[in-house]
Every structure is written in structure tokens, then in C-alpha cells.
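The numbers here are math on the coordinates, done by the rules we state, and not lab data. Quantities reported herein were computed from a predicted structural model and do not represent experimental measurements. Here the Cβ positions follow ideal geometry from the backbone for every residue, glycine too, while neighbour counts run over all protein chains shown.
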Amino acid sequence: MCYQLPPEVPYEVRALMETNAATVRSVKRVEVKPEETVAVVGTGPVGVMALQAAGIAGAGQTIAIEPANKRQQLARQCGATAVVDPLKNDPVDEINALTDGEGVDVVIECAGLEKTGLLAGHIAKRTGRIMVMGVFEEPAVFDFTDLVYGEKTVMGSMGGYGVFDEAIQLMAEKKFNGEPLITGKIKLDDIVSKGFDALIRFKEKHAKILVIPD
């Protein structure tokens, strides 16, 4: 269960290893193929890493769906070929415009909200695949009629077990860009006020806040 991290990977980036491995595993499980179109719903830390994992797997388009401006910028910085703001435009219409009306091959849901789960199903093309990584606090609505008639596939993924070696290699080869995700560094004494509270109250401004011991 222990892995040796290469010295060329900065300590701050090493702190992202588990989440990076989880997204690498989810992209492998949903079998993203070269030149496929992938949409990521919600670009917090998990979503941004999923965007990168999809791009590394060879996706032709990586589309981020995200309302927060800071996280939209982060998605672009980490390889999104297009960003859709669901507060300004209907995301289904925007996805159709970007895919000639077909929808995307793969959707990776990373927000864990009822509306985003429903959206993930609606933007997947016929026979498309939907990977759910977002953690829902309670059961949510899903359009099962669309699922059946569209012959779509839905699956979930949790954790990065089995792919840590691969995720470490991506970091060592600089294929994974972790620095932009680190939006704050705090001391242990500030973990509540500048850590937990900041992520709860101002999550649109942050991705990952690292606790740096004195």
C-alpha cells in the first residue's frame, strides 16, 4: 500500500496524488478513447483533474461545465478546449452547438448535485457513457427514459486503487499539471478559519488548500 514518489515531483503536487489517481482510474474505467469528446460537469479539484486525465488519454475535445469564474479559468489553464457557463447559457444547447447536435461521447459528473446528475445524462450522445464521480448527499433524479432510448451507460468510480503507479508516472513526466490547483497554503493553526471555513464559504475561489506544518 506504500508507493515511493519521485524526487522531481514537488511536495505540494504530491499532496494531490490520491485525487489524481482517482480521476485516472475513472477515465480508464469509462474507456475514454482517442479523439472522443469528453464533458466534465463541475470543475472543482476532482473535475479539473478529470479534465487532465481525459486529455492525457487522448480526448479530442474536453469541455468544462462550471458556473464559478475562478474555476472556469482553472479549467482553461488545465487543458479544457471549451468552457460552458450554465448560469449564462443552457448547457444542453451549448453542448449541442459544440458537437454538431450529437452530444458528447463521455460525461464525467464531478459536482454531486441533483441538477448536474440530470444534466450529465442529457448531454451524453446516443450510446454515450456517463461516469459519476460526484458524491451525492441524497438520492437524486435521473432521466431513465432518456437512458433507455439513448442506450447510454452509467457507472460510478471511487478511489484510485490499482493505478497509483500510472498516476505517479504522469506526475514524474510532467503530464499532470498540479500547481494551478493549489489555491492556498495555510498553517496548521489556521486550518479552521482559513481552511475548512474558506472552502465552505468561498469554494468558488478555491481548489485545493494545503496545510503546511511549521
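Using the Karplus curve 6.51 cos²θ - 1.76 cosθ + 1.60 with θ = phi - 60°, work out ³J(HN,Hα) for each residue of segment 73-84 in order, rounded to whole Hz, and write x for Gly and Pro.
Karplus-based 3J(HN,Hα) across segment 73-84 equals 4, 5, 4, 5, 4, 9, x, 5, 7, 7, 10, 10 Hz.
For segment 90-214, what's the relative contact order in percent, using C-alpha pairs closer than 8 Å and at least 6 residues apart? If you can, show how the numbers build up before the last one.
Numbers: 159 pairs, mean separation 21.7, N = 125.
Once normalised by length, the contact order is 17 percent.
Each residue of segment 23-37 in order: what ³J(HN,Hα) in whole Hz does its phi give by Karplus 6.51 cos²θ - 1.76 cosθ + 1.60, θ = phi - 60°, with x for Gly and Pro?
6, 4, 5, 5, 5, 5, 5, 8, 6, 5, 10, x, 6, 6, 9
Once amide H atoms are placed 1.01 Å from N in the peptide plane, what residues at a sequence separation of 5 or more from residue 156, or on another chain, have their amide H within under 5 Å of its amide H?
Under 5 Å from the amide H of residue 156 lie the amide H atoms of 132, each far enough along the sequence or on another chain.
Can you pull a Stokes-Einstein diffusion coefficient for the chain at 20 °C (1.002 mPa s), Rh from Kirkwood over Cα pairs, as a whole number of µm²/s?
In µm²/s, the coefficient rounds to 122.
Check which residues have an amide H placed less than 5 Å from residue 61's amide H, if you skip close sequence neighbours.
Long-range HN contacts for residue 61: 37, 38.
How large is ³J(HN,Hα), in whole Hz, for each residue of segment 171-179 in order, when computed from phi with the Karplus curve 6.51 cos²θ - 1.76 cosθ + 1.60 and θ = phi - 60°, using x for Gly and Pro?
Listing the rounded values in order: 5, 5, 8, 6, 7, 9, 9, x, 4 Hz.
Indicate the gyration tensor shape class of segment 136-191 (rounded, prolate or oblate), computed on the Cα atoms with a ≥ b ≥ c the square roots of the eigenvalues: a/c under 1.5 is rounded; otherwise a/b larger than b/c is prolate and the rest oblate.
Oblate, because a/c is 1.5 or more while a/b does not exceed b/c.
Taking only C-alpha pairs under 8 Å that are 6+ residues apart, what is the relative contact order of segment 11-69 in percent?
38
Which trypsin sites (Lys or Arg not before Pro) in segment 1-99 pass both tests, a DSSP loop state and at most 15 other beta-carbon atoms within 10 Å?
Of the trypsin sites (Lys or Arg not before Pro), the ones in loops of segment 1-99 whose Cβ has at most 15 other Cβ atoms within 10 Å are 88.
What angle, in degrees between 0 and 90 and rounded to the nearest 10, separates the Cα long axis of helix 45-56 from the longest principal axis of the Cα atoms of the chain?
The angle comes out near 70 degrees.
What is the magnitude of the charge dipole of segment 1-126 about its Cα centre, with +1 placed on the Cβ of each Lys and Arg, -1 on the Cβ of each Asp and Glu, and no other charges, expressed in debye to the nearest 20?
Charge dipole, segment 1-126, about its Cα centre: 300 debye, nearest 20.
Which of 33/208; 125/175; 33/185 have a Cα-Cα distance over 31 Å?
From the list (33/208; 125/175; 33/185), the Cα-Cα distance tops 31 Å for 33/185.
Do any GluC sites (Glu not before Pro) in segment 1-67 lie in a loop, going by DSSP, with at most 15 other beta-carbon atoms within 10 Å of their beta carbon, and if so which? All intermediate terms of the calculation are to be shown ahead of the outcome.
Values: sites: 8, 12, 18, 31, 35, 36; in loops: 8, 31, 35, 36.
Answer in residue order: 8, 31, 35.
Could you list the GluC sites (Glu not before Pro) in segment 79-139 that lie in coil according to DSSP, counting only those with at most 10 other Cβ atoms within 10 Å of their Cβ?
Here the GluC sites (Glu not before Pro) that fit, given the DSSP loop and packing criteria, are 137.
Relative contact order of the chain: what whole-number percent is it, with Cα pairs under 8 angstrom and at least 6 residues apart?
23
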